[in-house]
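Novice: So that we are looking at the same thing, I have put the structure below in structure tokens.
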Amino acid sequence: SPGEPAPGLLQGKRVLVSAGGTREPLDPVRFLGNRSSGRQGTAMAAAALAAGARVTLVAANVERDVLCEAGLGAPGSAAGLEVVGVESALELRETMLQLAAEADIVVMAAAVADYRPASLAETKLKKQGDDGLTLQLVQNPDILRDLVAQRAAGTAPAGQRIVGFAAETGDEHGTVLEYGSAKLLRKGADFLVVNEVGAGRGFGTAENSVTLVAARDGSAEVIGERRGSKADVSQWVLSRVVTSGPSR
Ligand code: CTP
Ligand code: CA
């Protein structure tokens, strides 16, 4: 089937995948976080390993059970795999930019917090009287865009492919695909895996339905659509990414 890469499709390739969700520290014991489990990213890492790649998984707050489910559990259990743990978006950014300098394929499957607390308290915040609390947030850097910029600056292997993920909902102003295509072009990545969320799709559901969009000559081109488990969808995405010729 077209979803199953031949074993060895990624032989000799180095694949870098981010997974999970970042935690943005507020004080030594508190953070702002999101519910991303890391299942999509771990499935991508497992699929890349199965296709023969050397894989580095940058895991932002991914539970051990989720790694185990994908067969990436015990340290050293999977040959060719390295797992690096990170917490915050800034930490994820630094780690990804450093490791991307030696990656043939970079996949941003992590849910990066769009904002972080403007300041990090050195000691645990205390309640003040009976009032509420207003938090000030600042925007986090766009890691995907920074990865593209780093490649453009020449600090990446020639022909590096950069892949993003986006969960979108359609509304009266645009369809899921229109929003996804605009996002792909805005960020400058080569591919975007667009996932429709809501109404029993996307988060937490076993079946996934994704559309893969590629950037070609300044416009977005639909490569195809795939419905299946996260493992199946991951295999399919990787096979399309390696076989859909260079976009630049
Ligand atoms: N991403 C990133 N850095 C960020 C935010 C997002 O690298 N600060 C990456 C995600 O890992 C994902 C892709 O960008 O691969 C799309 O994420 P998404 O949250 O949909 O994009 P945003 O630009 O944050 O747009 P939105 O306002 O819709 O959240
Ligand atoms: Ca976002």
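Computed from the coordinates by the stated procedures, all read-outs in this text should not be read as laboratory data. On a predicted model such as this, the values are computed, not experimentally measured, just so you know. Note: ideal-geometry Cβ built from the backbone for every residue, glycine included; neighbour counts use all protein chains shown.
Novice: Within segment 212-223, restricting attention to residues that are within 18 Å of Ile105 (Cβ to Cβ) and in contact with a helix residue (DSSP H, G or I) (Cβ under 9 Å, 6 or more places away or on another chain), which residue is surrounded by the most Cβ atoms within 10 Å (Cβ to Cβ)?
Specialist: Filtering first and then ranking leaves Val213.
Novice: Sticking with this one: For residues in segment 6-36 being among the polar types (S, T, N, Q) and in contact (Cβ under 8 Å) with a residue 60 or more places away in the chain, which is nearest to Asn140 (Cα to Cα)?
Specialist: Thr22
Novice: Filter segment 122-143 down to the residues that are under 29 Å from the mean Cα position of the chain (by Cα) and more than 16 Å from ligand 1 (Cβ to nearest atom) and list them by number.
Specialist: Result: Leu135, Gln136.
Novice: When you scan segment 1-105 for helices (runs of 4 or more DSSP H) that lie fully inside it, which ones turn up with 3 or more residues that are within 16 Å of ligand 2 (Cβ to nearest atom)?
Specialist: Here the list reads 89-100.
Novice: Examine segment 199-211 for a residue that is within 16 Å of ligand 2 (Cβ to nearest atom), out of contact with any helix residue (DSSP H, G or I) (no Cβ under 6 Å at 6 or more places or on another chain) and not β-branched (Val, Ile, Thr), and state whether such a residue exists.
Specialist: yes
Novice: For segment 78-121, give me each residue that is near ligand 1 (Cβ under 9 Å from one of its atoms) and crowded, with 17+ Cβ neighbours inside 10 Å.
Specialist: Selection gives Ala89, Leu92, Arg93, Met96, Val107, Met108, Ala109, Ala110, Ala111, Val112, Ala113.
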